[in-house]
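Q: Okay, handing you the structure first.
The values are calculated or read from the model by the stated rules, or taken from the named source; none is laboratory data. Everything quoted here is computed from the prediction, not taken from an experiment. Because the Cβ atoms are built from the backbone with ideal geometry, glycine has one as well, and the counts that use them run over all protein chains shown.
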Amino acid sequence: MHIKTIFREVEDLLEQASVPSPRRTAVWILCDIIECSPTHLISREGDQLEQNQIIRIREAAQRCSAQEPVQYVLGYTEFWGLRLRISPAVLIPRPETEQMIEVALESIEPGGASRVLDIGTGSGCIALSVKHALPTAQVTACDVSAPALQIARENAQKNGLDIRFIIADILSGDFLDKVGTGYDLVIANPPYVPDSERSQLPPMVRDYEPGIALFCGEDPLAYYRAIADKLGSGLLREGGMLVLETHVDYAASVSMLLQKEKDVSQIQIKSDLAGLSRFVLASYSEENHSVSGRT
Ligand code: GLN
């Protein structure tokens with residue numbers, strides 16, 4: 001069978017199953033299994049496939065047609081130019097999160113982030129990208145999930161990035177004992193989908209991605225409250241930056257939550273590429289506090 005024929009078969013199957021971006025998913029499956037780049041696929045469309053390649057392509061296409069995300073089927077994704085191993089133990093990194101890295105890097109002074117903490121690292125996508133962009137920074141990544149940390153560690157190793165990994169729960173009282181204090185930059189994409197929105201999620205997300213990374217229970221601000229709580233205990237150093245990804249409906253509430261914290265200033269909400277309020281930034285400064293005269 002020729003590449004062109006199986007490509008059509010896979011694309012048709014995915015289209016009939018209403019998989020989003022059927023053509024792109026078909027290209028991804030074929031390129032992975034026949035080991036070629038998307039730009040070379042057309043020039044190879046007349047090539048004959050081996051029987052075992054046909055079997056693997058059809059298996060992958062079947063799994064995708066049942067709404068399993070192609071990143072889990074093939075076991076990897078690309079993020080910030082890095083190749084990351086992905087398993088159902090971790091969330092599939094989203095383009096918005098890639099944008100958060102840009103927002104975070106823009107928010108710091110050159111050389112101003114020598115100690116960085118990524119809370120709830122999952123696949124390690126944020127920590128790895130920051131380390132890649134700021135090679136001299138000391139980057140710490142934590143997560144409550146041991147299987148997620150294992151994937152993140154593997155991704156750091158494969159990409160040659162030196163990151164400190166710690167198992168820690170932001171909702172637990174011993175969080176700061178485990179991860180330490182005085183960070184220049186704290187960045188997080190915590191679980192922010194309220195349980196009540198579970199049924200509205202696409203099956204691809206709801207049925208395959210880890211609930212522990214997505215859902216925040218009934219309180220949409222639960223994880224943000226836990227992070228804000230640690231600011232008064234030294235999570236950030238004087239002048240340090242906090243950069244958070246949020247649910248589009250709750251960016252303003254997260255900003256209000258931070259406004260109530262002592263010594264937090266320069267709170268900003270930034271939009272994602274779709275124009276939706278998605279990121280909240282803030283800086284921590286005890287000096288602001290004394291200047292403004294608040295007690
Ligand atoms: N942005 C993810 C989604 O669309 C959720 C990520 C999160 O909960 N932090 O489902």
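Q: Return the residues of the range 147-187 that are under 23 Å from R83 (Cβ atoms) and among the hydrophobic types (A, V, I, L, M, F, W, C); say none if nothing qualifies.
A: We begin by selecting, within the range 147-187, every residue under 23 Å from R83 (Cβ atoms); these are 147-165, 187.
Hits for the range 147-187 are A148, L149, I151, A152, A156, L161, I163, F165, I187.
Q: Tell me, please, whether a residue that is within 16 Å of the ligand (Cβ to nearest atom) and over 19 Å from the mean Cα position of the chain (by Cα) can be found in the range 125-139.
A: no
Q: A further question follows. Considering only the range 196-231, how many residues are in contact with a strand residue (DSSP E or B) (Cβ under 8 Å, 6 or more places away or on another chain) and either of a type in the set (K, R) or exposed (fewer than 13 other Cβ atoms within 10 Å of the Cβ) (or both)?
A: Residues that pass the stated criteria total 1.
Q: Something else about it: Name the pairs: first residue in the range 32-44 and within 14 Å of T5 (Cβ to Cβ), second residue at pLDDT 90 or above and part of a helix (DSSP H, G or I), Cβ to Cβ under 7 Å, at least 6 apart or on different chains?
A: Partner pairs satisfying both residue conditions: I34/I3; I34/Q53; L41/V27; L41/L30; L41/C31; R44/I3.
Q: Continuing with this model, one more query. Can you confirm whether E245 is in contact with a strand residue (DSSP E or B) (Cβ under 7 Å, 6 or more places away or on another chain) and acidic (D, E)?
A: Numbers: in contact with a strand residue (DSSP E or B) (Cβ under 7 Å, 6 or more places away or on another chain): yes; acidic (D, E): yes.
When the stated conditions are applied, E245 passes them.
Q: Quick one: which helices (runs of 4 or more DSSP H) sit completely within the range 20-105 and have at least 1 residues that are surrounded by fewer than 17 Cβ atoms within 10 Å (Cβ to Cβ), modelled with pLDDT of 95 or more and among the acidic types (D, E)? Lay out the reasoning, then the answer.
A: Numbers: elements: 22-34, 38-41, 51-65, 70-74.
So the answer is 51-65.
Q: In addition: For L176, only one of the following conditions fails: (1) within 14 Å of the ligand (Cβ to nearest atom); (2) surrounded by fewer than 21 Cβ atoms within 10 Å (Cβ to Cβ); (3) part of a helix (DSSP H, G or I). What is its number?
A: (1)
Q: While we're here: If R198 satisfies every condition in (1) within 12 Å of the ligand (Cβ to nearest atom); (2) in contact with a Ser or Thr (Cβ under 9 Å, 6 or more places away or on another chain) but one, which is the exception?
A: Result: R198 passes all but (2).
Q: Before we move on, is L171 part of a loop (DSSP other than H, G, I, E, B) and either of a type in the set (A, V, I, L, M) or under 20 Å from V116 (Cβ atoms) (or both)?
A: Working: part of a loop (DSSP other than H, G, I, E, B): yes; either of a type in the set (A, V, I, L, M) or under 20 Å from V116 (Cβ atoms) (or both): yes.
So L171 fits the description; yes.
Q: If we keep just the residues of the range 212-265 that are within 16 Å of the ligand (Cβ to nearest atom) and among the hydroxyl-bearing types (S, T, Y), which is nearest to L105 (Cα to Cα)?
A: It comes out as T246.
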